[in-house]
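The structure appears below as structure tokens.
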Amino acid sequence: MNGENTRSNTLTRKDFLRYMALIAGGSITVGQYVACQNKTDRYAHITGKINGASAAIGHRIREGSFPVPEVTTYTDTLIVGSGIAGLAAARKLQQQGIDFKVLELEPTPGGNAGFGKNAYAAYPLGAHYLPLPNLQHTALLELLEEAGMLTGYDAAGLPIYRETDLCFDPEERLFIHDRWQEGLVPQFGVQAAALSEIQRFLAEMERLRQVKGADQLFAFDIPVANSSADPVYTALDQISMRTWLEQKGYHSEELHWYLDYCCRDDYGADAAAISAWAGIHYFAGRKGKAANAESSQVLTWPEGNGRLMQHLLQFSKESLLPNSLVYQVTPAGDKVQVDYLDVHQGITKRIVADHCILAVPQFVGRRLLPARPPAANFVYSPWLVANITLDNIPAGSGYPLCWDNVVYKGRSLGYVNAQQQNISQISPDKQVITWYLPLDHLDPVNSRKYALGLDHAHWVKLIADDLAIAHRHIHALIRRIDVQVWGHGMIRPHPGFLTSQERHAVQQSGHSNIFFAHSDLSGISIFEEAFYHGNKAAENVIARRRS
Amino acid sequence: MEALLFFSVFVIATCGLIYELVAGTLASYLLGDSVTQFSTIIGAYLFAMGIGAWLSRFFKKELLSWFIQLEILVGLIGGISSAALFLLFEHALSFRLILYMLVGLTGILVGLELPLLMNILKNRYEFRDLVSRVFTFDYIGALLASIVFPLLLVPYLGLIRTSCFFGILNVLVAMIVLVKFRSEIKWAAYLKIKAVAVILFLSGIFFWANEIMTFSEGMAFRDPVIFTHSSPYQRIVLTRSKSDLRLYLNGNLQFSSADEYRYHEALVHPVMMYGGSRRKILILGGGDGMAARELLKYPEIEHITLVDLDPSMTRLFKENTLLTKLNSNSLLSPKLTIVNADAFQWLKENKETFNIAIIDFPDPGNYAVGKLYTTAFYRQLRHSLNDSSVIVVQSTSPYVAPKAFWCVNTTLLTCGYKTIPYHTYVPSFGEWGYVMASPAALYQQHDQLPEGLRYFAAGVFPQMRLFTADMDKRAVRPNQLNNQVLVQYFEDEWGKYQE
């Protein structure tokens, strides 16, 4: 043995620290390298832009002071707004041969039912499905039949829907306990007690679906106006959905999450902020049936409700004037004067009409008419809808990719793979998914400010990180995110609103030839309500012309 | 000198943990259920290390030489472990047994390393120091391994290369000790040659890791793979043995040249007997040209339109001489037009009508293919048919998946077609089913069959229409886009069959 090897060397403290420092340094460098790779490259490659309702132009109404219009034209009925309510009214008038014009602030019609398109797919910008209509809602069934989506009725009188318009299977999945399960009601890894509570809740909803008030009307119906006025049920509007759950002895975390999810989905705020009547209506109001689909199924299209909107649009294509900011509606004897700014030409114009349908939400409508009290009770939930173009949609573990993909306790409502409605085996080079976020982390006013203040890079980070909960490596797959901010996305049925004096009062405009038409009159922002109010306003115009 | 020995401890510890992580990861990749795999692998590995530690007492002389031997062996076995497991996965009767044997062996060898090293060093250092230093570096090495494995090694090197790389490190430790202590070591030259050979071997695996992966995939097939191609739609694999050529799409057998005539004669000739006019024919799927080959035996056919999604499929069966011999050059026939398109989409745009349609899609094993078996599809197809047209749909095995088979029948009935379900035996597939259908009542309109059929004859057909109790009609729901029940039936039934 060599002498030097037998030397008894002690490891000095200095040596030890040096080795430790070396190894620690090495690990940190490696860690940083990987983290950097993740951070710098993670979002930088993602392109896209922010779109939104033309808030800046719209806000000019608040400032007032427009020059007196020089051009004046005439029409029988003027419709302000080309969302579903406005287009539904237009369809009805066109079918009666009544002359009309539709003024729309945005460059494209549709409102919440608008849609976008890129090289790979058409996609929804907002509302994206229609539950199977209730059999009593004949006007809606007729519309679907007219659009070819309802092909007939079976021997039992149940509607038969065109299969390609029904949501393709697999429909819904939920990411819970690190795994995708089938359906949105939490099941996977849920305790038996909570499961039985959920069953009890769903059974109660099934009972309430069929229940009728003293006036023999359904306690919960669509349109809302057809629901029973029996105080036994309308009293539910006074408490929040969460309070109702507690009162009824529903305490499980999973059920509470599910109800928060449902309320956020339809009303843009959780169960604590929504009236129990509205929360129950989400379930009990839907009584649709079909010969060839389960009651719970929906009609949907790659471009969402844009498909229905395009059908309605056929009836008013020539009468539609986009980029028109209506700033003043003045009753003048028998007539109505509607003044608007032609945003493209930069000049103000006037249309004099026999009738006017204000198919706009109250927060706009009340500013247009002279001397209307502010609609303080009308609260609107802000929303964000993002369309995400990506190389492919990762499958994840468990149940396969569905039309609707929700993450348990996620901040967003998850994403919809609307392209699942394509019949083709061949998928385009890139996929487009639609991601929904009700902005309810602050009160509506501040959430709205927050949303309008956030730049694209921040949205990208927020959205990509949210998707990464269920799909860890999704950042690298995302190519583009187009963000649509809906400052006043939908009316919020907060406790007391549906039964409020104010909501009932605004059903009439206070002028015999001016009619409101918007889903906010129902307090529930769904296609069916907008369609109902559009039709109703048109019927009022028709009735007035006859008298 | 001292630094070198402790560096060896550090490397040994890192390598030891890496082998354990590789085995755990590989087991969860190949066997699934990562929690079970990881915990049993870690347990088995640690236990084996204990055995190694116990065995260390039997090494009394020539400790340095034994240590070098051991390092080379650990490097070899640890280094080839993942490549060997990948290759053996498809082959071995009991993969688990091999997995745990390999884990056990590596564990024993790794467990021997540190006790042996401490015995070597015990005369050179104070015991207190020795224990403190050896364990310090051991645990630091473990930390490093656990950090770099998931962050760097798996994403950038892959499992095969990772284990090779650390195998080489192990052998390098042996080499360094060998060089530094050459005066104390017996059989130095022999050990040196051995170490170099193992390093070369492991480097070879390192460089050919991709080929090994491909080869191990190839072993999933019974016979040697002679052609593979990944198109945007599917993975096409051809295998060949002495007497048999087989086509697999996404791993599913499409035909075996030994008995495909049974499948294709049963697919084509019944529908030709029942079709009145037979001038214009549509084939959906069937890019292998086998159905077209059978059709071209009828001179009265004027035109065949073949719609297949994948251009690489039709090109392969037009150009490859092995395959054109099988389909008798049918895809080159002037009577035939090939359209590479999505069948559903194509039907939506098609304005022509056909006397006969032959629908030969892959089995409804996923939701995408499932769309091609829905009421929506058959209703769309109706627009490309006359009132008296006759179609046939390949409908999976009525023996393995009776619900799936009868679901195709029910779906066609729901769309207003009259049907004749029938089946035949194809040895490479098993019992196989078809549904013939027409908007009008079905009856036999021709009894002349072409010359030279090897299986089908008019007299055979009544027998094909008989269903024994184990395959007989089941109560099932029609398959719709909005329920995709067929995919569920198919998965349930084939899943159970393959368990």
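The values are calculated or read from the model by the stated rules, or taken from the named source; none is laboratory data. No experiment lies behind these values; they were computed from the predicted model shown. No Cβ is skipped: glycine too gets one built from the backbone with ideal geometry, and neighbour counts run over all protein chains shown.
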Considering only residues that are in contact with a helix residue (DSSP H, G or I) (Cβ under 6 Å, 6 or more places away or on another chain) and of a type in the set (Phe, Trp, Tyr), which ones fall in the stretch A:398-421? A:Trp403
Does A:Gln216 meet the test of being at pLDDT below 95, surrounded by fewer than 17 Cβ atoms within 10 Å (Cβ to Cβ) and of a type in the set (S, T, N, Q)? no
All conditions in (1) at pLDDT 90 or above; (2) more than 30 Å from B:Asp363 (Cβ to Cβ) are true of A:Lys430 except (2)
Being in contact (Cβ under 8 Å) with a residue 40 or more places away in the chain, part of a helix (DSSP H, G or I) and touching a Pro at 6+ places or on another chain (Cβ under 9 Å) is the filter; apply it to the stretch A:419-457 and report the residue that is farthest from the other protein chains (Cβ to nearest Cβ). A:Leu452
Of the residues in the stretch A:34-54, those that are β-branched (Val, Ile, Thr) and either at pLDDT 85 or above or part of a loop (DSSP other than H, G, I, E, B) (or both) number 3
Could you go through the stretch B:389-411 and let me know if any residue there is at pLDDT 95 or above, within 13 Å of chain A (Cβ to nearest Cβ) and touching a helix residue (DSSP H, G or I) at 6+ places or on another chain (Cβ under 6 Å). yes
Among the residues of the stretch B:36-45, write down those that are loosely packed, with under 13 Cβ neighbours inside 10 Å and either at pLDDT 85 or above or more than 30 Å from the chain's Cα centre (by Cα) (or both). B:Ser39, B:Gly43
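Out of curiosity, is A:Thr330 more than 17 Å from A:Leu105 (Cβ to Cβ) and among the polar types (S, T, N, Q)?
Yes.
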Inter-residue pairs, beta-carbon under 7 Å, first assigned by TED's automatic domain parsing to the domain that holds B:Ile301 and in the stretch B:340-359, second basic (Lys, Arg), 6+ apart: B:Phe344/B:Lys371; B:Phe354/B:Lys280; B:Asn355/B:Arg278; B:Asn355/B:Arg279; B:Asn355/B:Lys280; B:Ile356/B:Arg278
Among the residues of the stretch A:488-518, write down those that are buried (at least 20 other Cβ atoms within 10 Å of the Cβ) and more than 20 Å from A:Tyr532 (Cα to Cα). A:His488, A:His494, A:Pro495
Given the condition crowded, with 19+ Cβ neighbours inside 10 Å, farther than 30 Å from B:Leu309 by Cβ and at pLDDT 90 or above, answer yes or no: does some residue in the stretch A:471-480 qualify? yes
Yes/no for B:Ile281 being hydrophobic (A, V, I, L, M, F, W, C) and more than 16 Å from the chain's Cα centre (by Cα): yes
Only one residue in A:Trp244, A:Trp277 is free of Cβ contacts under 8 Å to residues at least 40 places away in the same chain, more than 30 Å from A:Thr164 (Cβ to Cβ) and in contact with a helix residue (DSSP H, G or I) (Cβ under 8 Å, 6 or more places away or on another chain). Which one? A:Trp244
Identify, please: which residue in the stretch A:365-396 is among the charged types (D, E, K, R) and under 13 Å from A:Ser509 (Cα atoms) and is, among those, farthest from the chain's Cα centre (by Cα)? A:Arg372
State all residues of the stretch B:240-287 that are hydrophobic (A, V, I, L, M, F, W, C), outside any strand (DSSP E or B) and modelled with pLDDT of 95 or more; if no residue qualifies, say none. B:Ala266, B:Leu267, B:Val268, B:Val271, B:Met272, B:Met273
Restricting the search to the stretch A:458-501, which residues are polar (S, T, N, Q) and in contact with a helix residue (DSSP H, G or I) (Cβ under 8 Å, 6 or more places away or on another chain)? A:Thr499
Conditions (1) surrounded by fewer than 22 Cβ atoms within 10 Å (Cβ to Cβ); (2) in contact (Cβ under 8 Å) with a residue 60 or more places away in the chain; (3) among the aromatic types (Phe, Trp, Tyr): number failed by B:Trp66: (2)
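Results for (1) out of contact with any helix residue (DSSP H, G or I) (no Cβ under 6 Å at 6 or more places or on another chain); (2) of a type in the set (A, V, I, L, M, F, W, C); (3) at pLDDT below 90, shown as yes or no for each residue.
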site: B:Gly24; (1), (2), (3): no, no, yes
site: B:Tyr29; (1), (2), (3): yes, no, yes
site: B:Ser34; (1), (2), (3): no, no, yes
site: B:Glu62; (1), (2), (3): yes, no, yes
site: B:Trp66; (1), (2), (3): yes, yes, yes
The stretch B:346-379 - residue that is among the aliphatic types (A, V, I, L, M) and over 16 Å from B:Ser395 (Cβ atoms) and, of those, farthest from the other protein chains (Cβ to nearest Cβ): B:Ile356
Somewhere in the stretch B:91-103, is a residue closer than 30 Å to B:Trp187 by Cα, out of contact with any Lys or Arg (no Cβ under 9 Å at 6 or more places or on another chain) and touching a residue at least 60 places away in the same chain (Cβ under 8 Å)? yes
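For the stretch A:319-371: of the residues being of a type in the set (A, V, I, L, M, F, W, C) and not in a strand (DSSP E or B), which is surrounded by the most Cβ atoms within 10 Å (Cβ to Cβ)?
Taking the stretch A:319-371 and keeping what is of a type in the set (A, V, I, L, M, F, W, C), we get A:320-321, A:325-326, A:329, A:332, A:336, A:338, A:341, A:343, A:347, A:351-353, A:356-360, A:363-364, A:368-369, A:371.
Now drop any that are not not in a strand (DSSP E or B), which leaves A:343, A:359-360, A:363-364, A:368-369, A:371.
On the way: A:Val343: 17, A:Ala359: 32, A:Val360: 27, A:Phe363: 17, A:Val364: 17, A:Leu368: 21, A:Leu369: 19, A:Ala371: 6.
Looking at the filtered set, the residue picked out is A:Ala359.
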Residues being within 18 Å of A:Leu462 (Cα to Cα) and of a type in the set (A, V, I, L, M): count how many of those fall in the stretch A:394-421. 4
Go through the stretch B:121-141 residue by residue and tally those that are within 11 Å of chain A (Cβ to nearest Cβ) and crowded, with 17+ Cβ neighbours inside 10 Å. 10
From the residues in the stretch B:330-346 that are over 30 Å from the mean Cα position of the chain (by Cα) and farther than 25 Å from B:Met273 by Cβ, which one is surrounded by the most Cβ atoms within 10 Å (Cβ to Cβ)? B:Trp346
